[in-house]
Amino acid sequence: MKLKKFLDLLENSALDIKVNLPAPDFNIDEIDIKGLVSDSRKSGPGMVFACVKGDHSDGHDYAAKAVAAGASVLMCEYPLDIAVPQIICSDIRRNMGMAASLLYGSPLSKLTMIAITGTNGKTTSTFMIKSILENVGIKTGLLGTIYYDDGNVVEDAEHTTPEGSDLQRWLYRMVNNGCSACVMETSSHAIVQGRLEGALYDRAGFTNLTVDHLDYHGDMESYFKAKKTLFDSYMRGQWRAAVNIDNEYGARLFDELACRAVSFGIKDENAMFYAAIKGTSVEGMDVEIKTPDSDIPEKAKLPLLGDYNIMNALQAISIAWTLGISSSSAIAGLIKMKQVPGRLERYMINGSGSCVIDFAHSPDGLEKVLTALRSVCRGKLYVVFGAGGDRDKTKRPLMGEIATRLADSVIITSDNPRSEDPSRITAEIEEGARKNSAEYSVIVDRKSAIFEGLGRIGPDDILLIAGKGPERFQILKDGPIPFLDKDKVFEWCSINGKEVL
């Protein structure tokens, strides 16, 4: 797109902008605009560089670097002494999403947009919805914690929810690759920071709300209001929502959304989508699912573990139902779903027990995973876990108490300590761990902790490695280092002559 056309679109939009040109006779017809980025490292010829002010840095300080890399235009909050066209507007982070949408031809107008929000379950729910949609022939893109998928190419995720400019670029790629739908995770941080500006949704799901991110939001009421903003400000047309009414905040949201929402749960039989769990084994769960499609519950064996994963399945089924997909087709899509990386990712170790890798990094998440594994564990249940640095400290003793209450043996270790002393974090976890009688030890080095846990398990035992899931790096004070929990499991097996089944 030529710069002139892009500027015309901006001037005719709701954005309040001012354009500064290097000279009055500067020819804006000759400049091709190829994309809009907010990371100077992604800058290049034909790019608009948006100078976003973040918590730790200001994009205006990187404008010269972006231009040196080839950026043709700057989007900034005040004029800069750099000889390229400049689009001046307030709050770049909020406005760049809308600008990028115009640049990429409003890709969301060509997609059914589905957003999932909540403390836990977002990732698994998005994978489930994608599997259901593709099972009925709807090619679907995905944006979430683990990776971004444009329908043809998969790349590691930078954030749970992309920055507004990146979000629009991924939607553009999905459209070009023949996708008809996009399912994505929407974090509370992204909602508050304005990363969703320029995006609107046709369907939204609410998984739950539990203690997490209070270092950012301050209290649970503010956390809830951040989540509710998705439904208040970012929906379009005849939108619908699927809400977990087993959760107290979900029940409140369901009442406030009224006829826009459908309900799901495993406790309240009055939920529109209700599941009764009839049996559990390592292979999965036998359930009977009640839906509006029939008065007779559908029986199914889902390759899932844990009540919370049945909740995720109900959310996926209910959202699919609002899109006209029958519950039987949705269940078929769930049965075909591949294992989600880092979400109850299971490995059988020949001659030893089972190892499960999970992203659980909050008190609620850890409790749910341990409870699920306890229900199928025939021997002892072990857990290796830690807590992230520079994040909510209130959850650390809570996680310690949960671990020693539900597991037989606990190893407290390092997660992503960031700028904090890992030993201080483990000490705060210990405060809660001491409240129960289960044995626990502290091994700060995560690799050593994983190796120790694997060395302890016998044939009927299960080891849970929690907290990092599919993350490929461990973030230390001096920066990130390559580290994937799964790699450490395979490394231990190789050293000890064990086969992973």
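The values are calculated or read from the model by the stated rules, or taken from the named source; none is laboratory data. Values in this document were obtained by computation on a predicted structure and should not be read as measured data. Note that we place each Cβ from the backbone using ideal geometry, even for glycine, and neighbour counts take in every protein chain shown.
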Within the stretch 245-264, residues among the small types (G, A, S), out of contact with any Lys or Arg (no Cβ under 9 Å at 6 or more places or on another chain) and on the phi < 0 side of the Ramachandran plot come out as G250, A251, S263
Please state which one of I462, I450 is in contact with a Gly (Cβ under 7 Å, 6 or more places away or on another chain), at pLDDT 95 or above and crowded, with 16+ Cβ neighbours inside 10 Å. I462
From the set of residues in the stretch 320-336 that are out of contact with any strand residue (DSSP E or B) (no Cβ under 9 Å at 6 or more places or on another chain) and in a loop (DSSP other than H, G, I, E, B), which is nearest to E499 (Cα to Cα)? K336
I'd like to check which strands (runs of 3 or more DSSP E) are fully inside the stretch 391-466 and have at least 1 residues that are more than 23 Å from C493 (Cβ to Cβ). 409-412, 439-442
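Go through the stretch 119-139 and give me each residue that's at pLDDT 95 or above and closer than 20 Å to P470 by Cβ.
Those that are at pLDDT 95 or above and closer than 20 Å to P470 by Cβ: S125, T126, F127, M128, I129, K130, S131.
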Restricting to the stretch 335-378, what's the tally of residues that are free of Cβ contacts under 8 Å to residues at least 60 places away in the same chain, closer than 22 Å to R456 by Cα and either buried (at least 22 other Cβ atoms within 10 Å of the Cβ) or among the hydrophobic types (A, V, I, L, M, F, W, C) (or both)? 1
Take the residues of the stretch 90-106 that are touching a strand residue (DSSP E or B) at 6+ places or on another chain (Cβ under 9 Å) and part of a loop (DSSP other than H, G, I, E, B): which is surrounded by the most Cβ atoms within 10 Å (Cβ to Cβ)? Y104
Test: M272 is over 29 Å from K228 (Cα atoms), surrounded by 13 or more Cβ atoms within 10 Å (Cβ to Cβ), of a type in the set (A, V, I, L, M) and out of contact with any Cys (no Cβ under 8 Å at 6 or more places or on another chain): no
Counting only helices (runs of 4 or more DSSP H) wholly inside the stretch 107-198, the ones holding at least 3 residues that are surrounded by fewer than 24 Cβ atoms within 10 Å (Cβ to Cβ) and in contact (Cβ under 8 Å) with a residue 40 or more places away in the chain are 122-135, 164-176
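For the stretch 238-294, what are the residues that are part of a strand (DSSP E or B), of a type in the set (A, V, I, L, M, F, W, C) and out of contact with any helix residue (DSSP H, G or I) (no Cβ under 9 Å at 6 or more places or on another chain)?
Within the stretch 238-294, the subset part of a strand (DSSP E or B) is 238-244, 261-265, 273-281, 284-291, 294.
After this cut, where a residue has to be of a type in the set (A, V, I, L, M, F, W, C) as well, the list is 239, 241-243, 261-262, 264, 273, 275-277, 285, 287, 289.
Once the filter is applied, which keeps residues that are part of a strand (DSSP E or B), of a type in the set (A, V, I, L, M, F, W, C) and out of contact with any helix residue (DSSP H, G or I) (no Cβ under 9 Å at 6 or more places or on another chain), the stretch 238-294 yields only A276.
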